[in-house]
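In what follows, a single structure is set out as structure tokens and then discussed.
The values are calculated or read from the model by the stated rules, or taken from the named source; none is laboratory data. Just so we're clear, the structure is a prediction, and the values are computed from it rather than from any experiment. Cβ coordinates were reconstructed from backbone atoms using ideal geometry, including for glycine residues, and neighbour counts include every protein chain displayed. Ligands, DNA and RNA are stripped out before the accessible areas are found, and what is left, the full protein with its side chains, is counted by its heavy atoms. Shrake-Rupley method; radii C 1.70, N 1.55, O 1.52, S 1.80 Å.
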Amino acid sequence: MSEPSQAKTDTSRAGLRNYVLVTAAYWADTVTDGATRMLVLFYFYNLGYSPLAVASLFIFYEVFGILTNLFGGYIGARFGLKSTLFIGLGTQLVALSMLAFAPQSLLVVAWVMASQALSGIAKDMTKMSSKSAVKLIVPENASDTLYRWVAILTGSKNALK
């Protein structure tokens, strides 16, 4: 095999490896995020909160997700996709730790809403990084392939749910 061909193959393998790693991170975030939301829902429902009160616990999750989408592109362009992926995963760990290691007396509405706000930030930072990372493995001017890879990533995430 010639050197340019070998270099192209090595680059392709590295890109595919990175895609698999990013997809695995996205899946891990998706599973933990969904599980956390279900546990919060069941916990507060069992405490006797009304369905509307339980639903309101997730308002910050959505609001901070929207804000993250507004500013995430800037952060990604400024600091890189790797940084935003690690920020998202790290933020998710903080949000999970807020619930997992808190004494029961601390699991009040304000604490859980703060945790959900961080989880919303984490979800959208990870999602942005993951979907943008696909572009790194798709050849330039191959929009059909790009859409296919993003659809596979998104579909696999939705199948996990």
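Express the carbon and sulfur contribution to the solvent-accessible surface of the chain as a percent, rounded to the nearest whole number, probe 1.4 angstrom.
C and S atoms contribute 68 percent here.
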| task | Measure nothing but the geometry: give the 0 to 90° angle between the long axis through the Cα atoms of 3-46 and the longest principal axis through the Cα atoms of the chain, rounded to 10°. | result | 10 degrees
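I need the peptides 99-110, 119-130, 39-50, 79-90 ranked by packing, meaning the mean over residues of other C-beta atoms within 10 angstrom, with the highest value on top.
On the way: 99-110: 10.9, 119-130: 24.9, 39-50: 13.3, 79-90: 17.7.
The packing order, highest mean first, is 119-130, 79-90, 39-50, 99-110.
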| request: Distance between Cα centroids, the range 82-119 to the range 11-61: provide it in whole Å. | output: 11 Å
| said: Between Leu106 and Ala159, what is 0.36 nm times their sequence separation minus the Cα-Cα distance? Round to one decimal in nm. | reply: 15.7 nm
| said: How would the range 60-148 be classified by its alpha-carbon gyration tensor: rounded, prolate or oblate, with rounded meaning a/c under 1.5 and the a/b versus b/c comparison settling the rest? | reply: prolate
| What residue among Ser132, Gln116, Leu146 has its Cα farthest toward the positive end of the dipole of the range 107-161, where the charges are +1 on Lys, Arg and -1 on Asp, Glu, each on the Cβ? | Gln116
| field | Per residue accessible area of the range 36-161, 1.4 Å probe, in Å² | value | 60 Å²
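Assign one of three labels to the range 35-111, namely rounded, prolate or oblate, based on the Cα gyration tensor with a ≥ b ≥ c the square roots of its eigenvalues; rounded applies when a/c is under 1.5, prolate when it is not and a/b is larger than b/c, and oblate otherwise. Provide the component values of the computation, followed by the final result.
Details: a/c = 3.38, a/b = 1.92, b/c = 1.76.
Taking the square roots of the gyration eigenvalues as a ≥ b ≥ c, the range 35-111 is prolate.
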| said: Taking the 0 to 90 degree range and rounding to the nearest ten, how far is the long axis of helix 81-100 tilted relative to the main principal axis of the chain, both from C-alpha atoms? | reply: 20 degrees
| task | Would you rank Trp27, Trp149 by solvent-accessible area, highest first, keeping every protein chain in place and using a 1.4 Å probe? | result | Trp27, Trp149
| task | Any lysines with Cα under 18 Å of the Lys157 Cα? List them, leaving off those in the same chain fewer than 8 positions away. | result | Lys123, Lys127, Lys131, Lys135
| Given charges of +1 on the Cβ of Lys and Arg and -1 on the Cβ of Asp and Glu, with all other atoms neutral, how large is the dipole of the range 85-161 about its Cα centre, in debye to the nearest 20? | 140 debye
| How far is helix 109-133 tilted, in degrees, relative to the longest principal axis of the Cα atoms in the chain, given as a value from 0 to 90 rounded to the nearest 10? | 10 degrees
